[in-house]
Every structure is written in C-alpha cells, then in structure tokens.
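Structure, as structure tokens:
The values are calculated or read from the model by the stated rules, or taken from the named source; none is laboratory data. All values derive from a computational prediction rather than experimental measurement. Ideal geometry is used to build each Cβ from the backbone, glycine not excepted, and the neighbour counts take in all protein chains shown. Quick note on the areas: whole protein, heavy atoms, side chains included, nothing else; ligands and nucleic acids left out. Shrake-Rupley method; radii C 1.70, N 1.55, O 1.52, S 1.80 Å.
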Amino acid sequence: MKHFTSVKDIGPLDKAIQEALRIKKDKFTENELGKNLTALLIFFNSSLRTRLSTQKAAENLGMHVIVLDIQQGAWNLETRKGVIMDGDKPEHLLEAIPVMGCYADIIGVRSFARFESKEEDYGEVILNQFIQYSGKPVISLESATRHPLQSFADHITIEEYKTVEKPRVVLTWAPHPKALPQAVPNSFAEWMIAAGYPLTITHPRGYELDERFTQGATITYDQQEAFRGADFIYAKNWAAYRDPDYGRILSTDPSWMVDRKKMELTSNAFFMHCLPVRRNMIVTDEVLDSPRSIVISQAANREIAAQVVLRSILKTLQVANPSCT
Ligand code: CP
C-alpha cells in the first residue's frame, strides 16, 4: 500500500479483516517493523480517537510519532494556490508539506470539509497536495469526503458482532446543532457496499449523499421502515450535500433521534456511532447505554485498523526522499 485514502487502498477486504483479527490477538509481534521510522500526524481539526489510536498503532509497530496541531503552535497555513499572501497566513502548504515530508516516513492528515467550496472539498485539495508534494506515504485521518480508518474499524466491529453472514446494515441521519461534513456517512456507505452487506440509508428529504458513494444502497425517507429487521443501526448527522444547500442544516427534527422504540423495530440490532456523539440529540441515553450499543468496541478497533494500514505501508516503504538531501 502506498497511500490510504479510501476502501480501494486496503485491497481484498476479507484479507484485511483476517489481518485485523490476527493483530488484535497480539499487537506487539512486529514492534521492530517501524524502528527508527517516524509517523507525523497532522491535524487541521480536533480529534480524540483518531489521534490516540493512530499514535498507539504506530507505537505498537515501534515507530516514533510526532503530532502537529496546525491550529496550536504551527504557522497559519495558506492552502489556496496563486494568491497574494498579504493576509494572516505567513506560510504556504507548498513549502510546509515538503518540509514536513523531510521529517517523516509516513504522514497522516486530518482535514475536514470547510463548506466554503464544494469543488474544493470534493476535490480533496488539501489531502491531494500532501500526496503530491510530501514525497511520503499519506494516510487519511479523515479528509473532506471520507474517513476510511473509521470505516475500516466499523467493518471490523461488524464482523466481530454479526450473527449472519450478510447482516442488514442501516445508516440513519440524526439531528445535530452544527453543520457536519459527509465524510463519515460517505465512507461508511462506500465501505459497506464494498463489503457486500445489504445497506439501507435513511434521512430526511434534502440530505441525499453524493451518489458516487451510495450506489448499491437502498435509500428511503421512512426511518421506521428502514429500521425494520435491521441487524446494525449506524447513526450519524451530516449537512446537505446537494446544491444549492451544500453545507447547510435543513432540519433538526428531533423525531429522527434514535430511541428505544425505533430500536424495537429492528432484529435486536446493535447500535453504532463513530463518536463523538451528542446524547439525546442523535441517540437517547437509554440506547447508548444499553448492552446493544457497541460504540466503544468501534473506537477500540480504530487502533487495530490503523495498525493494519501502517503495517502494510511499512512493509513497502521506500525511506529515501531525494528532495530532502
Ligand atoms: N471518530 C473519530 O474520528 O473521532 P475523533 O474525531 O475524536 O478522532
């Protein structure tokens, strides 16, 4: 694996799952693989799970880890090309990225959709600049359009909890006070479809996702209908994707919150969410605190997903970067 930005990079999913389950049994069998190599984890946005789990996974493989929060201590970075830099951004990504590449063997980047330009967000302008200019393997720690480490961890979790070969999975929109990117639902849909699970996506009208991620899923505006017979319920909020409403909140309708009554429509489904989750907005305390909630297992599997990905890159790593000599 050279870069990891979507499900396409992981290779055959059954092999990736087997690898994850093997690593989970003993995380430290390859703790020399990353010796004297450095993972640089760059965050343009906040994180708890991604930061900790990726750092832990890299350390399990013997890597050094540097974490850089762009908002706290780094120069404010210009990301647009061709601009006159007379504002509050003293450094351009075009220099910052190759410099960071000189200090790292693998680079992880978190850069959310900004909702300023759909073209820029869905063109993955920042992530692609890291791939183009760093000279190093790049891992998405959640980009504008995808969160593949989360989706991989979700897939591992479903494999661990499922009781039928092809469980019925439902992705449901739920209300939230802020406008959130579509990265998690896009990526989850893409990954579940690649895994061959029957996927239903339910949301209010106006919240249709980009069809490039949802082709093969059943889409319905009837949440209760979607829940009937489901094995896994995955809740997530996202802002509108379609123009002219891109990035806008169209609804905060509390009737879309996941509660016990809706869960009773399912086939005793497990409840999933990527976290952080707003209690009693997205899901009731009762559901989140129930034995069918597997959100902590999902978070725990983030470490395993990151370790599978880092290990695969380390196995093929070309350390030399001529531009830094
Ligand atoms: N689920 C997830 O990516 O969590 P963080 O935003 O805390 O990293």
| Loop-located trypsin sites (Lys or Arg not before Pro) in region 163-264, at most 16 other Cβ atoms within 10 Å (DSSP) | Lys178, Arg205, Arg228, Arg242, Arg248
| task | On the full set of protein chains, 1.4 Å probe, figure out the accessible area of Ser267 and give it in Å² to the nearest 10. | result | 60
| query | Say we join alpha carbon atoms closer than 10 Å with springs in a Gaussian network model of the chain; which of Met281, Met257, Met85 then has the biggest fluctuation? | reply | Met85
| message | Just to confirm my understanding: which cysteines in the chain have no other cysteine beta carbon less than 4.7 Å from their beta carbon? | response | Cys274
| Residue with peak Gaussian network fluctuation, the chain [Cα springs, cutoff 10 Å], from Ala144, Ala104, Ala74 | Ala74
| Given a Förster radius of 35 Å and the C-beta distance between Lys2 and Thr218 as r, what FRET efficiency does 1/(1 + (r/R0)^6) yield to the nearest 0.05? | 0.55
| region 150-293 shape via C-alpha gyration tensor axes, a/c threshold 1.5 | oblate
| note | Dividing the alpha-carbon radius of gyration of the chain by 2.2 N^0.38 Å, where N counts its residues, gives 1.00
| request: DSSP loop (so not H, G, I, E, B), at most 14 other Cβ within 10 Å: list which GluC sites (Glu not before Pro) in region 6-95 pass both filters. | output: Glu32
| query | Within region 139-222, which GluC sites (Glu not before Pro) sit in a loop by DSSP and count at most 10 neighbouring Cβ atoms inside 10 Å? | reply | Glu165
| query | Of Asp105, Asp289, Asp154, which has the largest mean-square fluctuation in a 10 Å C-alpha GNM of the chain? | reply | Asp289
| note | Residue span Asn36 to Lys81: 0.36 nm per residue of separation minus Cα-Cα distance leaves a gain in nm of 12.7 nm
| Computed [θ] at 222 nm, helices only, for the chain once each DSSP H run of length n ≥ 4 contributes -39500 (n - 2.57) | -10000 deg cm²/dmol
| Which entries in Lys25/Lys261; Lys15/Lys261; Lys166/Lys262; Lys118/Lys262; Lys27/Lys315 show an alpha-carbon gap greater than 28 Å? | Lys25/Lys261; Lys15/Lys261; Lys118/Lys262
